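J.: Below is a structure I'd like to ask you about.
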Amino acid sequence: MHSHLACFNPACRAQFDINDVLYNCTVCGGLLEARYDLTGADPTALKRTWRERRMDNSPLCQSGVWRYREMFPFLDDLAHVVTLREGNTPLLAAPRAAAYGGLGGITFKHQGFNPTGSFKDNGMTCGAAQARRLGMKRVACVSTGNTSASMAAYASAGGLDPLIFIPHGNISYGKLAQALEYGAKTYQVEANFDQILALVRVLAERLGIYLLNSINPFRIEGQKSIVIEMMDQRDWRVPDWVVLPGGNLGNISAFGKGLREMLELGLIDRLPRLAVVQAEGSSPFYEYMAAHGHAPFRAQEHPETLATAIKIGDPVSWPKAQFEVETSKGVVERASEQEIADAKAIIGQCGIGCEPASAATLAGIKKLTAAGVIDRDADVVAVLTGNVLKDPDYIYRYHTGQLQAPDGSAIRPTFGNKPVVVPNDADRIAALIG
Ligand code: F0G
């Protein structure tokens, strides 16, 4: 069985050629996933190969994605790869954050160390490679900011034309600036993320543009490398929990698939439990899972959160996300604006820092430990999805007491750290410092 695309819907499972330009099943409309025959792979040999590649200076081996290429063998010619040396992101211990979250210890897998500052680079290198392999000239995405920054960089690096569609006034300047700097044609649409995704799908079809949202199965393949690299860095010791923020739910889908495939291959001996945390004002997946199958999935028409990266009311990948959460005996939590803001400040105080959406992890962990869902002595890895500099405006407002929730209520600067204005006078400054 060669690489192929398959419908994710268990009642359908239609198969398609790996080179078909498809984003949904043409039989039932379901989500698609890439599939391969991985049987016969020797887990010990794979682990050794991946370790050896770290000492190899070739671009493919220096990439923290393509180093693990045996896990996503969809390309027949690796010359199509565009790499900016993505991945290679650290695992960081953070005792202060652990104490805040009610844990004895916590490790952050910080995807903000990627070339464009977010986990999107892990997936985009694969999506861009497939676009080049298909002979596409133009690529497009709708984005809350990070996907567009990443797509702009990888498209430009790979000689493709990037077209970006973003909700007008609803992405941070750091991310918009990246898209402009990396040379993407940028359209600010007066609509929300979910509405623009529908629009971009029409335009992609009509104009023959390759769509690089996370509905693209090759993006998901690349994002699997985040958990593969995590396990490699942990010498294949499986944590009890992996916690991540949820927006469009592509990342949880990628994590679940990657972990299941590692288990099938014998690279790991069990699955960690997956916890997804959403922002309270933008939590359709939380609502759905909390109803335990008694209500159909319902999109939120007007999602709201200051964590703009996860301001999504109609996440396309929810069926995959549900499957992965249930398969791993995982949970879905949500956190308020105040909880996210305070958790973010604590991650900052660890000398680590992250963007608002990423801090939903620690905010969620605090609630899950308090509820007894996560044990105090559990081995927990939380994924920080974006760099601290993605949204400096939010940081300044929080620390100076000017941050307001979408409903206009004030966010308390519980861990605020206001800059102090001083005169140019050594004596007075010395007195202030004490
Ligand atoms: N964290 C950050 C920093 C993000 O940018 C996103 C998604 C998520 C978490 C949620 O990941 O969608 O896979 O559940 N950002 C997308 C974008 C939607 O357009 O950049 P998800």
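The values are calculated or read from the model by the stated rules, or taken from the named source; none is laboratory data. Quantities reported herein were computed from a predicted structural model and do not represent experimental measurements. Positions of Cβ are generated from backbone atoms using ideal geometry, with glycine treated the same way; all protein chains shown enter the neighbour counts. These area figures cover heavy atoms from the full protein model, side chains too; ligands, DNA and RNA do not enter into them. Shrake-Rupley method; radii C 1.70, N 1.55, O 1.52, S 1.80 Å.
J.: Taking a probe of 1.4 Å, how large is the accessible area per residue of the chain, in Å²? Before the final figure, lay out the partial values.
T.: Working: 17710 Å² over 434 residues.
So the chain comes to 41 Å² accessible per residue, rounded to a whole number.
J.: Mean separation of Cα pairs under 8 Å and 6+ residues apart, divided by the residue count of segment 236-300: what relative contact order is that in percent?
T.: Reported as a whole number, the value is 36 percent.
J.: Of S317, P284, L244, which is farthest along the charge dipole of segment 238-339 in the positive direction, counting Lys and Arg as +1 and Asp and Glu as -1 at C-beta?
T.: The listed residue farthest towards the positive side: S317.
J.: Then there is this: DSSP loop trypsin sites (Lys or Arg not before Pro) in segment 118-172 with at most 15 other Cβ atoms within 10 Å of their Cβ, which ones? Intermediate values should be presented prior to the final figure.
T.: Details: sites: K120, R132, R133, K137, R138; in loops: K137.
Those that pass, being in a loop and sparsely packed, are K137.
J.: Moving on to the next point. Normalising by the residue count of segment 119-175, find the relative contact order in percent from Cα pairs under 8 Å and 6+ residues apart.
T.: Details: 67 pairs, mean separation 21.3, N = 57.
Dividing the mean separation by the residue count of segment 119-175 yields 37 percent.
J.: Another question, then. Just flag the trypsin sites (Lys or Arg not before Pro) in segment 183-227 sitting in loop per DSSP whose Cβ has no more than 10 other Cβ atoms within 10 Å. Intermediate values should be presented prior to the final figure.
T.: Values: sites: K185, R201, R206, R219, K224; in loops: none.
For trypsin sites (Lys or Arg not before Pro) across segment 183-227 that sit outside H, G, I, E and B with at most 10 neighbouring Cβ atoms in 10 Å, the list is empty.
J.: Compute the separation of the alpha-carbon centres of segment 245-285 and segment 183-216 and state it in Å as a whole number.
T.: Between the Cα centres of segment 245-285 and segment 183-216 lies a distance of 25 Å.
J.: Just grab the label-to-label distance for K329 and A11, each label 7 Å out from Cα along the Cβ direction, in nm (one decimal).
T.: Distance between label points: 2.9 nm.
J.: Still on this structure, please answer the following. Quick one: which of 20-28, 352-360, 394-402 comes out on top by average Cβ neighbours within 10 Å, and what's the full order, highest first? Working shown, then result.
T.: Details: 20-28: 14.4, 352-360: 28.4, 394-402: 16.7.
Packing order, densest peptide first, comes out as 352-360, 394-402, 20-28.
J.: Follow-up question, since we're still on this one. With each pseudo-label sitting 7 Å past Cα toward Cβ, what's the F415-D42 distance in nm, one decimal?
T.: According to this spin-label approximation, the distance is 4.8 nm.
J.: State to the nearest 20 debye the size of the charge dipole of segment 195-351 about its Cα centre, where the only charges are +1 on K and R beta carbons and -1 on D and E beta carbons.
T.: 320 debye
J.: Would you kindly calculate the translational diffusion coefficient of segment 163-319, applying Stokes-Einstein with the Kirkwood radius from alpha carbon pairs, for 25 °C and a viscosity of 0.890 mPa s, and quote it in µm² s⁻¹ without decimals?
T.: Working: Rh = 17.4 Å.
So the translational diffusion coefficient is about 141 µm²/s.
J.: Would you calculate the volume per residue, in Å³, of the smallest convex hull containing every Cα atom of segment 264-338? It would help to have the intermediate numbers written out before the result.
T.: Values: hull volume 8.3 nm³, N = 75.
With only Cα atoms used, segment 264-338 gives 111 Å³ per residue.
J.: Using a 1.4 Å probe on the protein chains only, how many percent of the accessible area of segment 154-221 belongs to carbon and sulfur?
T.: On the way: 1550 of 2990 Å².
Solvent-exposed carbon and sulfur of segment 154-221 make up 52 percent of the total.
J.: Over the alpha-carbon set of segment 239-304, work out the extent along each principal axis and list the three values in angstrom, largest first.
T.: The principal-axis extents, from largest down, are 43, 24, 18 Å.
J.: Which order do the peptides 100-109, 239-248, 58-67 come out in when sorted by mean C-beta neighbours inside 10 angstrom, highest first? Don't skip to the end; give the middle numbers.
T.: Details: 100-109: 22.2, 239-248: 25.7, 58-67: 20.0.
Going from most to least packed, we get 239-248, 100-109, 58-67.
J.: Okay, moving on. Tell me what the chain gives for mean residue ellipticity at 222 nm when only DSSP H runs of n ≥ 4 count, each as -39,500 (n - 2.57), the sum divided by the residue total, rounded to 500 deg cm²/dmol. Walk me through the numbers on the way to the answer.
T.: On the way: 15 runs with 165 residues, N = 434.
-11500 deg cm²/dmol, from helical runs alone.
J.: Which of the residue pairs K137/K224; K185/K224; K344/K367 have a Cα-Cα distance greater than 21 Å in the structure shown? Before the final figure, lay out the partial values.
T.: Values: K137/K224 26 Å; K185/K224 29 Å; K344/K367 15 Å.
Where the Cα-Cα span goes over 21 Å, the pairs concerned are K137/K224; K185/K224.
J.: Where does each of H80, H2 land when they are ordered by accessible area, with a 1.4 Å probe and the largest first?
T.: Heavy-atom accessible area, descending, gives H2, H80.
J.: How high is the relative contact order of the chain, given as a whole-number percent (alpha carbon pairs under 8 Å, six or more residues apart)?
T.: Numbers: 889 pairs, mean separation 68.7, N = 434.
The normalised contact order for the chain reaches 16 percent.
J.: Continuing with this model, one more query. Can you pull the percent of segment 299-361's accessible area that's carbon plus sulfur, 1.4 Å probe, other chains left in place?
T.: On the way: 970 of 1950 Å².
Of the solvent-accessible surface of segment 299-361, carbon and sulfur hold 50 percent.
J.: Sticking to Cα atoms, compute the Rg of the chain to one decimal and its Dmax as the biggest Cα-Cα distance, whole number, in Å.
T.: Taking only Cα atoms of the chain, I get Rg and Dmax of 21.3, 77 Å.
J.: Here is a further query. Under a point-charge model restricted to the Cβ atoms of Lys and Arg (+1) and Asp and Glu (-1), what is the dipole moment magnitude of the chain relative to its Cα centre, in debye to the nearest 20? Can you show the working numbers first?
T.: On the way: 43 positive and 45 negative charges, 77 e Å.
That gives the chain a dipole magnitude of about 380 debye.
J.: Report, to the nearest 10°, how far helix 193-207 tilts away from the longest principal axis of the Cα atoms in the chain, using its own Cα long axis and a range of 0 to 90°.
T.: Around 30 degrees separate the two axes.
J.: Quick one: in segment 329-391, what % of C-alpha pairs are over 16 Å apart? Intermediate values should be presented prior to the final figure.
T.: On the way: 845 of 1953 pairs.
Cα-Cα pairs in segment 329-391 separated by more than 16 Å: 43 percent.
J.: So, one more: Give me the base-10 log of I(q)/I(0) for segment 118-256 at each q in 0.22 Å⁻¹, Debye formula, one uniform scatterer per Cα, rounded to two decimals.
T.: Here log10 of I(q) over I(0) equals -1.35.
J.: So, one more: Using every pair of alpha-carbon atoms in segment 323-364, split the distances into 5 Å bins beginning at 0 and state the percent of pairs per bin, rounded to integers.
T.: 6, 25, 25, 14, 14, 11, 5, 0
J.: Between E205 and D240, what is the FRET efficiency for a Förster distance of 56 Å, r being their Cβ-Cβ separation, to the nearest 0.05?
T.: Between E205 and D240 the formula returns 0.80.
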